[in-house]
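See structure below.
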Amino acid sequence: MSIVNRDLHTSEQHEVVQVGPVMSQGVSVILPLYIAPYPCILESVRYFAEGVSGTPILSLLKASGAGFTGTAIGISGIVVQESGTSGIVGFSGLAATGSTLLSLAAGDRIWAVTSGANSASDALLLNIVVKKTRHRFL
């Protein structure tokens with residue numbers, strides 16, 4: 001059943017998922033973020049990083065429920081900034097609003113990958129917000 005204005009208030013259509021803190025030592029770390037339990041749209045991604053050394057790079061990927069190949073969600077390779085100088089940072093590399101890259105079907109997966117030579121962070125906390133387009137499990 002699709003969501004229409006009289007079914008759910010807009011505040012009830014959003015789900016916030018927080019992953020972390022993840023200790024991201026080393027060159028490359030894969031961080032599973034979300035498995036969509038129902039059709040939804042990725043609204044925003046924010047991160048908070050502590051103990052950044054070098055220039056770690058953060059990329060977001062998604063794959064369909066039956067697929068194994070990751071597709072970049074917007075710009076790959078956002079440089080992670082230390083929270084002491086930047087606070088909580090919005091992931092500015094997401095695709096434009098309305099892009100099909102932001103649409104998730106039930107079973108789609110989102111994950112983040114950190115990379116960068118000689119770089120790491122002591123802790124990385126990721127926060128994602130999805131907007132439900134259906135309000136029951138499929």
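For region 78-115, which positions are at pLDDT 75 or above and at positive phi?
Across region 78-115, the qualifying residue is only Gly107.
Out of everything in region 36-89 that is under 22 Å from Lys132 (Cβ atoms) and of a type in the set (Ser, Thr, Tyr), what residue ends up being surrounded by the fewest Cβ atoms within 10 Å (Cβ to Cβ)?
Going through the qualifying residues, I end up with Thr71.
Filter region 120-134 down to the residues that are more than 18 Å from Glu50 (Cα to Cα), surrounded by fewer than 21 Cβ atoms within 10 Å (Cβ to Cβ) and under 18 Å from the mean Cα position of the chain (by Cα) and list them by number.
Val129, Lys131, Lys132, Thr133
Is it the case that some residue within region 41-58 is modelled with pLDDT of 85 or more and touching a Ser or Thr at 6+ places or on another chain (Cβ under 6 Å)?
yes
Select, from Pro37, Pro32, the only residue that is part of a loop (DSSP other than H, G, I, E, B) and at pLDDT 80 or above.
Testing whether each residue is part of a loop (DSSP other than H, G, I, E, B) and at pLDDT 80 or above leaves just Pro37.
The values are calculated or read from the model by the stated rules, or taken from the named source; none is laboratory data. All values reported here derive from a predicted model rather than from experimental measurement. We place every Cβ from the backbone using ideal geometry, glycine too, and count neighbours over all the protein chains shown.
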